[in-house]
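Data block below; observations after.
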Amino acid sequence: MKTSSKFKIEQETPEDIKDVTLTKTNLKGDWINFFLLLLLYTMQGLPLGIAGSMSILLQSKKNVTYKDQALYSITKWPFAMKLLWAPLVDALYVKKIGRRKSWLIPVQYLIGLILIYTASDIDNLLPETGKPDIVKLMYIFLIINILAATQDIAVDGWALTMLKRNNVGYASTCNASGQTIGSMIGSMVLILFTSEEFCNKYLRHTPAAGGIISVQNLLYCWGIIFILITTLVGILKKEKNISFEDGQEKINVAHNYLLLWDILKLPNVRILALIFITSKIGYAVTDNVSTLKLIDAGVSKEDLSMIDTVMSGVNVIISFVIGKYTSGPKPMSLYLKIIPARLLLNIPFAMLIYYTPTMISFNGYGKSSIYYYPLLVFLLSIEHILMHTMFVATLAFFSRISDYRIGSTYMTLLNTFANLAYMWSSTAALGMIDVLTLRECSLDSTNYCFTQIRENACKASYGICNIKVNGYYIEMLLCTIIGIIWYFAVRNTLKKFQTLDSSHWLVNMKRTATANKE
């Protein structure tokens, strides 16, 4: 490889990069780095699991509307918006600390401190009685997720250089498995171990009030653990900075944003953006609303959490099992094979929601049908497995086509497409449920309870706003139809994209650097 005094790495040809990435994978000598990445992604998943479980805790309060849930879902948006500050993470750093650690260490410390602050005020944010402080909870977890998204930018970039180039496909395995483990722990412990019902039934010999740990003490523990692990990583792991060697010019912030613009101007990237931003519409209702509908129908949050925990464990195993398929040259082939199954799964989920009230009060004795929970576990298992496999395949595809010279920025841009798809479809799916639901006051057939004022008027006359048409089923039908159209529109394009060589995804860093100087 030829080098010059500036941007030595820019002289690597597409053929050089392609040959390296197609070399047979071998983790010998990379195991420590593999497990470190797994730990860092697990720490990223932990606050995500806590934030996600808050939504379930809110729904179980019975005084939280779907509009409240749509407001709280804004906390998920930072992972879709992290592209805005990814170039800063790539360009600004303290050389002695390390390009990625300069961001990783302070961000993880801040997450720990905010969790400790949240613990100190949790009784006001999530009271035993009365309405939770939705707005303040939203702001707190929005900030936490902004920090987690920043950590993700740094770790994504570090993964591309921490692992050997022939092992870079395993970054998706670390990402998917780590996030799943962290999210599982954060969600499971918060919901189950703080639940009086679960602890008395499974963990205690003598019933007692409350869980084996309070939400407050749990958040204190997570905050302290975050700070301790961050300290150990900061002391024990030395970062090898190979992006810019001595005597080379460091890319500044303006240059990084120009590089980002150059990536966005690539025709293939623009098409890829459109494909992935619209990729979640077909199963938005199943992924984001069905769990809350199950709680409304009478399924306990503890049962759902236990099922979700088991499924998360299965997902971790799946990440490793399918690693050899997704780290190959055609991860999108696996992705495309799964889409029809996920769309078809919408039908049994809609039927399950419809029959849940009847099946969990079987024969009118308040005892569930022996078929209900096996059926619920089966459907949720299939959904989790298919969803997680698609997630890993997507990450593997992004890792393969990313220009590792600007790894954090490039990976963040691509991940933004997928994250944005999930975030906007989640908020829209939750927000549209009440809009599409047709209600009618039991004492006034002309009052359709469209607004809070009309609903209050119905209650004032001692009436009830009965549901005539459930917006869940209407939205499920619309999303499924759109998903089918989307699949046939994009499948050939995705098949083609995964066969393109690296030259179709690289940017001219020298040209951007020259433009920046001018």
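The values are calculated or read from the model by the stated rules, or taken from the named source; none is laboratory data. Quantities reported herein were computed from a predicted structural model and do not represent experimental measurements. Neighbour counts are summed over all protein chains in view; Cβ atoms, including those assigned to glycine, are modelled from backbone coordinates with ideal geometry. Only protein heavy atoms, including side chains, enter the accessible area calculation; ligands, DNA and RNA are left aside. Shrake-Rupley method; radii C 1.70, N 1.55, O 1.52, S 1.80 Å.
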Filtering region 91-130 down to residues that are open to solvent by 70 Å² or more (accessible area, probe 1.4 Å), over 30 Å from ALA421 (Cβ atoms) and outside any helix (DSSP H, G or I) yields VAL94, LYS95, LYS96, ILE97, GLU128, THR129
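Does any residue of region 369-384 turn out to be under 17 Å from the mean Cα position of the chain (by Cα) and either within 20 Å of ASN470 (Cβ to Cβ) or assigned to a helix (DSSP H, G or I) (or both)?
Yes, region 369-384 contains a residue that is under 17 Å from the mean Cα position of the chain (by Cα) and either within 20 Å of ASN470 (Cβ to Cβ) or assigned to a helix (DSSP H, G or I) (or both).
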Hey, can you tell me all the residues within region 421-446 that are open to solvent by 40 Å² or more (accessible area, probe 1.4 Å) and closer than 30 Å to ALA254 by Cβ?
TRP424
Looking at region 295-309, is at least one residue over 18 Å from PHE391 (Cα atoms), modelled with pLDDT of 80 or more, open to solvent by 30 Å² or more (accessible area, probe 1.4 Å) and among the β-branched types (Val, Ile, Thr)?
no
Go through LEU71, LEU48, LEU88, LEU83 for me and flag whichever is under 18 Å from the mean Cα position of the chain (by Cα), surrounded by fewer than 20 Cβ atoms within 10 Å (Cβ to Cβ) and part of a helix (DSSP H, G or I).
LEU71
Take SER369 and decide whether it is surrounded by fewer than 20 Cβ atoms within 10 Å (Cβ to Cβ), modelled with pLDDT of 85 or more and polar (S, T, N, Q).
no
Can you find even one residue in region 133-146 that is surrounded by 23 or more Cβ atoms within 10 Å (Cβ to Cβ), aromatic (Phe, Trp, Tyr) and closer than 25 Å to ALA70 by Cβ?
yes
Inside region 452-492, can you point out the residues that are open to solvent by less than 70 Å² (accessible area, probe 1.4 Å), among the β-branched types (Val, Ile, Thr) and more than 24 Å from THR394 (Cβ to Cβ)?
VAL469, ILE474
Top-ranked residue of region 57-106 - restricted to ones that are of a type in the set (Gly, Ala, Ser) and out of contact with any His (no Cβ under 8 Å at 6 or more places or on another chain), ranked as modelled with the highest pLDDT:
SER102
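How many residues does region 462-478 hold that are charged (D, E, K, R), in a helix (DSSP H, G or I) and within 17 Å of TYR448 (Cα to Cα)?
Qualifying residue count for the region: 0.
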Report the residue count in region 405-450 for those that are within 20 Å of TYR472 (Cβ to Cβ) and outside any helix (DSSP H, G or I).
7
